[in-house]
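A.B. asks: Starting off with a structure, shown below.
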Amino acid sequence: MTIKQHLLTPNEWSRSQRRIKEVLGIVMHWTANPRANAEQNRNYFESRKNGRDGYGSAHYIIGQDGTIIQCIPLEEVAYHCGSSQKDPASGKFYTDYARTKFKHYAENWKTNSPNYCTIGIELCPTDNEGHFTDETINAAIALCADLCKRFNLKAVDITTHHAIVGWKDCPRLWVKQPELLDAFRASVTDYIARREA
């Protein structure tokens, strides 16, 4: 697995350099932009530094060709799963799942958020439905396996943006077909087991 480090310029909106407090999970996203590669999506996060589009970034972006770009150092917060909009099911700013899993990090969006305890990974889709290439998925499996080992996580600690906020269909296809997340987690578990054998 090769990771290209192309860090965002420090700024308030996409790379504030605030320290991540602990790592309790990995959050999977889709870029919702099938026409853009990993580098173009990284540059979009870079363009947010002027503040016009609000907060937004991720630690990693994985392209359709399996390219992995790191945008934010792992010891810093990325803005990928905060929410000022309420979950329709719970009526709170984060889902019941998020409040149980991330505890005080998912109580008050103004003072804290799951951004402070998670690693964010954006996947570049091939279409507006949210399909991914095998190259994208295989790179994501390898990256997640490495992160699980580094932060003492299990595959069950891999989740989606939707599972945290409740209102965003991210990654779209995995929200519509949750068994795809289950299969991804199983592949990460298998990858870890094969590396340790």
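A.B. asks: Hey, of (1) -0.71, -0.96, -1.00; (2) -0.44, -0.87, -1.01; (3) -0.60, -0.97, -1.05, which did the structure itself give for log10 I(q)/I(0) by the Debye sum over Cα atoms at q = 0.11, 0.15, 0.16 Å⁻¹ when calculated?
C.D. replies: Only one option fits the structure, namely (2).
A.B. asks: Please state the charge dipole magnitude for the chain, taken about the Cα centre, from unit charges on C-beta atoms (+1 on K and R, -1 on D and E), reported in debye and rounded to the nearest 20.
C.D. replies: 660
A.B. asks: With 10 angstrom as the radius, rank D190, D157 by how many other C-beta atoms surround their C-beta, starting from the fewest.
C.D. replies: With the fewest neighbours first, D190, D157 line up as D190, D157.
A.B. asks: Counting other beta carbons within 10 Å of each Cβ, put F184, F45 in order, fewest first.
C.D. replies: F184, F45
A.B. asks: If I model a spin label at E12 and S47 as a point 7 Å from the Cα along the Cα→Cβ vector, what separation in nanometres do I get?
C.D. replies: Between E12 and S47, the label points sit 2.1 nm apart.
A.B. asks: May I ask you to list the GluC sites (Glu not before Pro) in region 1-68 that are in a DSSP loop and have at most 11 other Cβ atoms within 10 Å of their Cβ?
C.D. replies: For GluC sites (Glu not before Pro) across region 1-68 that sit outside H, G, I, E and B with at most 11 neighbouring Cβ atoms in 10 Å, the list reads E22.
A.B. asks: So how much slack lies between K86 and A183, counting 0.36 nm per residue of separation and subtracting their Cα-Cα distance, in nm?
C.D. replies: Here the answer is 32.1 nm.
A.B. asks: Under the rule of -39500 (n - 2.57) per DSSP H run of 4 or more residues, summed and divided by the residues of the chain, what mean residue ellipticity at 222 nm is obtained, to the nearest 500 deg cm²/dmol?
C.D. replies: One gets -9500 deg cm²/dmol as the mean residue ellipticity at 222 nm.
A.B. asks: Now, a different point. Quickly work out the D96-to-K21 label distance, labels modelled 7 Å from Cα along the C-beta direction, and quote it in nm with one decimal.
C.D. replies: Rounded to a tenth, the inter-label distance reads 2.4 nm.
A.B. asks: Can you pull out the GluC sites (Glu not before Pro) in region 80-184 whose DSSP state is coil and whose Cβ has at most 14 other Cβ atoms within 10 Å?
C.D. replies: When the GluC sites (Glu not before Pro) of region 80-184 are filtered for loop state and at most 14 Cβ neighbours within 10 Å, E129 remain.
A.B. asks: Which of the DSSP-defined H helices in the chain satisfy a minimum axial length of 24 Å, computed from C-alpha atoms, and a minimum mean Kyte-Doolittle hydropathy of 0.0?
C.D. replies: Length and hydropathy pass: 134-151.
A.B. asks: Explain nothing, just the number: dipole magnitude of region 114-179 about its Cα centre with +1 on each Lys and Arg Cβ and -1 on each Asp and Glu Cβ, in debye rounded to the nearest 20.
C.D. replies: Charge dipole of region 114-179: 320 debye, to the nearest 20.
A.B. asks: Cα to Cα, under 17 Å, and not fewer than 8 places away if on the same chain: which aspartates and glutamates meet these conditions relative to K154?
C.D. replies: Counting by Cα, and skipping residues close in sequence, K154 has these aspartates and glutamates nearby: E22, D146, D182, D190, E196.
A.B. asks: With just the Cα atoms defining each centre, how far is region 121-174 from region 1-45? Give it in Å.
C.D. replies: 13
A.B. asks: Taking R0 as 22 Å, what FRET efficiency do you get between K4 and K149 from their Cβ-Cβ distance, rounded to the nearest 0.05?
C.D. replies: Efficiency computed from Cβ-Cβ geometry: 0.60.
A.B. asks: Run the dipole for region 60-106 about the Cα centre, Lys and Arg Cβ at +1, Asp and Glu Cβ at -1, nothing else charged, and hand back the magnitude in debye, nearest 20.
C.D. replies: 360
A.B. asks: Along the positive direction of the dipole of the chain (beta-carbon charges: Lys, Arg +1; Asp, Glu -1; about the Cα centre), which of Q40, I26, A183 reaches farthest?
C.D. replies: The one lying farthest along the dipole's positive direction is I26.
None of the figures in this text is laboratory data; all of them are computed from the coordinates on show. Predicted model, so just to flag it, every value in this text is computed and none were measured. Backbone-built Cβ (ideal geometry, glycine too); neighbour counts: all protein chains shown.
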